[in-house]
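Input: a single structure, listed below in structure tokens.
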Amino acid sequence: MNLSSLRPLVGVSACLKENGRGGWHHTVGDKYIQAVIRAIGALPVVIPAMGPELGDNAVTEALDRLLDTLDGVLLTGSPSNVEPHHYDGQASRPGTAHDPARDATTLPLIRHTIDHGVPLIAICRGLQEVNVALGGTLHQLVHEVGGRRDHRAPKAPTADENYAPAHGIEIVEGGLLHRLLGQRRVRVNSLHAQGVDQLAPGARLEALADDGQVEAFSVPQAPAFALALQWHPEHRALENPVSMKVFTAFADACRARAAARLGRTPPLRAAAE
């Protein structure tokens, strides 16, 4: 059986945003949806920001049933930041955008995703969520940390300018990202104010920015693929070899789970070939 023809189901985290007219929308940027469809070759399934209802046992059990039907989870970036009471008990810095419903959804979702052996890829805010969910801490404003550069978006008029390569990263030799890319240095975009302070227990450093800021980590003890990236590989992913190597590895893990879940695992001989 050719697994490349199997289209997995990938859950995509949503944000809860006020629409300016007194209503609220669950939103996902189209670039993430297009990356799931075109770069990963999967069918996206949007996971709404359900908020504190996830504390209900019945909802938690439903979340587990949802994960049983998914072949992967992609955590998106967002203009909002994880609220600091989730990781260090400090007050939020004035003017910081937050999304408490998303926090209440993604933090348990991450732990359940890893526990269920569902492949996971996390982007920007998603990386920060994984670090917090696993017990790490964050800098609320990286650019105020001594020795750090300003990692925020340039606020240019076009997406291509905002998502252009901004700085180099040093990839840890022998790590997952090094094995995927076959390179020790690449250039990436940068559109974040928050960033990793203390890396979570059980997380493995995969890459650092040229100023020492964490740019990628993996979760070696996870039963399935689990990689978090601080940059945005989804922007023009099909044109970016680095993005495609990462998404292809995630796609392979998702298709393998889909095949096993559907009882369509190829024979051992075919798998070995």
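For (1) in contact (Cβ under 8 Å) with a residue 12 or more places away in the chain; (2) out of contact with any Lys or Arg (no Cβ under 9 Å at 6 or more places or on another chain); (3) within 26 Å of Y163 (Cβ to Cβ); (4) polar (S, T, N, Q), each residue gets a yes or a no:
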| site | (1), (2), (3), (4) |
| --- | --- |
| T69 | yes, no, no, yes |
| L75 | yes, no, yes, no |
| Y87 | yes, yes, no, no |
| P100 | yes, yes, no, no |
| L107 | yes, yes, no, no |
| H112 | yes, yes, no, no |
| H116 | yes, yes, no, no |
| G126 | yes, yes, yes, no |
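Pairs meeting the criteria (first residue in region 231-243 and over 13 Å from L180 (Cβ atoms), second residue surrounded by 22 or more Cβ atoms within 10 Å (Cβ to Cβ) and charged (D, E, K, R), beta carbons under 9 Å, at least 6 apart or on different chains) are W231/E215. Going through (1) surrounded by 12 or more Cβ atoms within 10 Å (Cβ to Cβ); (2) without any contact (Cβ under 8 Å) to a residue 24 or more places away in the chain; (3) in contact with a Phe, Trp or Tyr (Cβ under 9 Å, 6 or more places away or on another chain) one by one, I33 falls short only on (3).
Counting residues in region 181-197 that are in a loop (DSSP other than H, G, I, E, B), of a type in the set (S, T, Y), farther than 24 Å from D88 by Cα and within 17 Å of the chain's Cα centre (by Cα) gives one or more.
Yes/no per residue for (1) over 15 Å from the mean Cα position of the chain (by Cα); (2) of a type in the set (A, V, I, L, M, F, W, C):
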residue: M50; (1), (2): yes, yes
residue: L63; (1), (2): yes, yes
residue: L66; (1), (2): yes, yes
residue: T76; (1), (2): no, no
residue: Y87; (1), (2): yes, no
residue: A91; (1), (2): yes, yes
residue: A97; (1), (2): yes, yes
residue: L109; (1), (2): no, yes
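Listed here are the residues, each with its yes/no results for (1) open to solvent by less than 20 Å² (accessible area, probe 1.4 Å); (2) on the phi > 0 side of the Ramachandran plot; (3) part of a strand (DSSP E or B).
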{"position": "V12", "(1), (2), (3)": "yes, no, yes"}
{"position": "G22", "(1), (2), (3)": "no, yes, no"}
{"position": "V45", "(1), (2), (3)": "no, no, yes"}
{"position": "A49", "(1), (2), (3)": "yes, no, no"}
{"position": "E53", "(1), (2), (3)": "no, no, no"}
{"position": "V59", "(1), (2), (3)": "no, no, no"}
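Residues considered: G212, G195. Of these, the only one that is of a type outside the set (D, E, K, R), within 24 Å of S80 (Cα to Cα), touching a residue at least 24 places away in the same chain (Cβ under 8 Å) and surrounded by fewer than 19 Cβ atoms within 10 Å (Cβ to Cβ) is G212.
Does K155 satisfy the criteria of being among the basic types (K, R) and within 26 Å of R38 (Cβ to Cβ)?
So K155 fails the test.
Across region 158-180, the number of residues qualifying as of a type in the set (V, I, T) and closer than 30 Å to R93 by Cβ comes to 2.
For region 246-271, the candidate set comprises residues that are open to solvent by 90 Å² or more (accessible area, probe 1.4 Å) and more than 17 Å from D71 (Cβ to Cβ); within that set, the residue that is modelled with the lowest pLDDT is R269.
The values are calculated or read from the model by the stated rules, or taken from the named source; none is laboratory data. Since the structure is predicted, the reported quantities are computational estimates derived from the model, not experimental observations. Positions of Cβ are generated from backbone atoms using ideal geometry, with glycine treated the same way; all protein chains shown enter the neighbour counts. Side chains are part of the model used for accessible areas, which takes the heavy atoms of the whole protein and leaves out ligands, DNA and RNA. Shrake-Rupley method; radii C 1.70, N 1.55, O 1.52, S 1.80 Å.
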